[in-house]
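The values are calculated or read from the model by the stated rules, or taken from the named source; none is laboratory data. Bear in mind the structure is a predicted one, so any value in this text is a computation, not a measurement. No Cβ is skipped: glycine too gets one built from the backbone with ideal geometry, and neighbour counts run over all protein chains shown.
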Amino acid sequence: MMVPADTQIIVLNRIDATRHAMLKAGCLWEEGNEKDSAPIWSLDYTVWQRVLSEQCGFDNNSHKLRYHFELPGGQQTGYAYCEVQWLCAIQLMLQDSEQTVQFEIIPK
């Protein structure tokens, strides 16, 4: 799956509303990529973790990263604990929406 550079990625911090994050997928691309879209697997998880930590105050010991996606039976909820699940979550959300990806930081 290709991810357009202008895909919105939103992180809502349900613990501290002053620490949300809003960015475009292009901010997470591997350094040097200046194309209009890139394969989903080229998103840089290290940059993502830095955004979560520095902007959102995410702490792996006390927080979880939740997301929602649609299946034929209705809306489902998932939790991203690792890079592969994070990438799969983005893919699931992009199949449903108009280029918006949204995660929520919640307490463990």
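Some observations on this one:
- Checking the range 15-36 against the condition returns a match, with at least one residue being free of Cβ contacts under 8 Å to residues at least 60 places away in the same chain, out of contact with any Pro (no Cβ under 6 Å at 6 or more places or on another chain) and hydroxyl-bearing (Ser, Thr, Tyr).
- Within the range 50-105, the set of residues being among the small types (Gly, Ala, Ser), surrounded by fewer than 12 Cβ atoms within 10 Å (Cβ to Cβ) and assigned to a loop (DSSP other than H, G, I, E, B) comprises SER62, GLY73.
- Residue in the range 3-49 that is nearest to LEU92 (Cα to Cα), counting only those that are basic (Lys, Arg) and modelled with pLDDT of 95 or more: ARG14
- Output for the range 1-42, where each listed residue is in a loop (DSSP other than H, G, I, E, B) and under 18 Å from TYR67 (Cβ atoms): MET1, THR7, ARG14, ILE15, ARG19, HIS20
- Flag if GLY57 is in contact with a Lys or Arg (Cβ under 7 Å, 6 or more places away or on another chain) and at pLDDT 95 or above: yes
- Yes/no for TRP41 being over 12 Å from the mean Cα position of the chain (by Cα) and not acidic (Asp, Glu): yes
- Cross-chain or 6+ apart pairs with Cβ under 6 Å, the range 72-93 first and under 20 Å from PRO4 (Cα atoms), then among the basic types (Lys, Arg) and exposed (fewer than 11 other Cβ atoms within 10 Å of the Cβ): none
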